[in-house]
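The values are calculated or read from the model by the stated rules, or taken from the named source; none is laboratory data. Bear in mind the structure is a predicted one, so any value in this text is a computation, not a measurement. So basically every Cβ, Gly included, is an ideal-geometry build from the backbone, and we count neighbours across all protein chains shown. Ligands, DNA and RNA are excluded from the accessible area calculation, which covers all protein heavy atoms including side chains. Shrake-Rupley method; radii C 1.70, N 1.55, O 1.52, S 1.80 Å.
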Amino acid sequence: MVNLVIFGAPGSGKGTQSERLIEEYGLYHISTGEVLRDHIARGTELGVIADSFISKGHLIPDDLMVSILADLLDSNPDTAKGVIFDGFPRTINQAKELKKMLAERNSKVHAVIGLEVDDEELIDRLIKRGQESGRADDNLETIKQRLNVYHSQTSPLRDYYINEDKYLSIKGSGSIDEIFDNIRKAVNYKLNR
Ligand code: AMP
């Protein structure tokens with residue numbers, strides 16, 4: 001049983017590499033961004049609140065995000081077999097809460113895969129994704145805001161997980177296969193150590 005976090009800036013390839021990791025390790029996928037977009041599409045109360053933050057490129061408040069995550073863990077029994085956390089945690093506070101939530105379930109984060117891509121490439125990728133998928137927050141103004149938020153609130157998690165001896169630094173540019181190969185080697189090395 002293994003719990004992985006895939007970590008990186010918007011556009012770093014978290015969703016794409018998560019799909020490969022699910023196949024490789026038989027993991028349950030929790031993408032908080034997808035969960036929130038689904039609520040927005042269905043017009044739920046949570047969706048209305050989420051949209052007011054997402055459309056501005058801001059983070060959803062920690063307490064709300066943590067309660068969403070606890071519900072996801074409790075309502076999906078398959079999560080006990082191992083999860084890939086994609087888009088969560090995004091703040092140090094969320095990382096601490098995740099540690100607590102997993103400890104309460106006799107579990108832990110085994111490794112954090114950090115996809116590292118420079119800002120220029122991220123902006124190019126996100127603009128392209130916006131044109132192809134029509135994702136509302138993939139427009140230049142919101143992209144810039146999301147990158148600011150990433151650098152100020154999310155990137156400190158890198159040091160947090162380095163201190164916890166869980167961080168695997170992965171070059172996030174190159175072909176999807178090449179990147180996945182590096183991830184798999186790093187994760188297997190970490191799990192067998
Ligand atoms: P993503 O699909 O992971 O890029 O997430 C899209 C948007 O959803 C983000 O820009 C945030 O507004 C919101 N979001 C997703 N996950 C979180 C989280 N863990 N904490 C706060 N906001 C989040």
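Taking the solvent-accessible surface of protein heavy atoms with a 1.4 Å probe, what is the per residue accessible area of the chain in Å²? It would help to have the intermediate numbers written out before the result.
Details: 10010 Å² over 193 residues.
Accessible area per residue, the chain: 52 Å².
Could you give me the ³J(HN,Hα) list for the range 2-15, computed from phi with Karplus coefficients 6.51, -1.76, 1.60 and θ = phi - 60°, whole Hz, x at Gly and Pro?
Ordered by residue, 3J(HN,Hα) equals 9, 10, 10, 10, 9, 10, x, 5, x, x, 7, x, 4, x Hz.
For the range 45-61 and the range 94-169, compute the distance between their C-alpha centroids and round to whole Å.
So the separation of the two Cα centres works out to 17 Å.
For the chain, with a Gaussian network of springs between Cα atoms less than 10 Å apart, report the residue from Glu116, Glu97, Glu34 with the top mean-square fluctuation.
Of the options given, Glu34 has the highest mean-square fluctuation.
Regarding the chain, what are the three Cα extents along the principal axes, ordered largest first, in Å?
43, 37, 29 Å, listed from the longest principal axis down.
Using a 1.4 angstrom probe on heavy atoms only, work out the carbon and sulfur share of the accessible area of the chain in %. Don't jump to the answer; show the numbers that get you there.
On the way: 4850 of 10010 Å².
C and S atoms contribute 48 percent here.
Out of Thr154, Thr91, Thr142, any idea which swings most in a Gaussian network model of the chain, alpha carbons joined below 10 Å?
Looking only at Thr154, Thr91, Thr142, the largest GNM fluctuation is found for Thr142.
Please list, in chain and number order, the residues 5+ apart from His29 or on another chain whose amide H is under 5 Å from its amide H, with Hs placed from the backbone.
Ile84
Considering the Cα trace of the range 93-193, what is its radius of gyration and what is Dmax, both in angstroms?
Rg, Dmax (Cα atoms, Å): 16.0, 44.
Could you tell me what percent of the DSSP beta bridges with both partners in the chain are antiparallel, to the nearest 5? Don't jump to the answer; show the numbers that get you there.
Values: 0 of 17 bridges.
Roughly 0 percent of the beta bridges in the chain run antiparallel, per DSSP.
Using a cut-off of 14 Å between alpha-carbon atoms, which aspartates and glutamates can reach Lys185, once sequence neighbours fewer than 8 places away in the same chain are excluded?
Reachable aspartates and glutamates: Glu24, Asp177.
Identify all lysines with a Cα-Cα distance to Lys190 below 30 Å; exclude those on the same chain that are fewer than 8 residues away in sequence.
Lys14, Lys81, Lys96, Lys99, Lys100, Lys108, Lys166, Lys171
Can you run the Rg to Rh ratio on the range 21-126? Use alpha carbon positions and the Kirkwood inverse-distance Rh. Could you put the intermediate results ahead of the total?
Details: Rg = 14.7 Å, Rh = 15.2 Å.
Rounded to two decimals, Rg/Rh equals 0.97.
Under unit Cβ charges (Lys, Arg +1; Asp, Glu -1), what dipole magnitude, rounded to 20 debye, does the range 2-184 have relative to its Cα centre? Present the calculation step by step, with values, prior to reporting the outcome.
On the way: 22 positive and 31 negative charges, 57 e Å.
Its charge dipole is roughly 280 debye.
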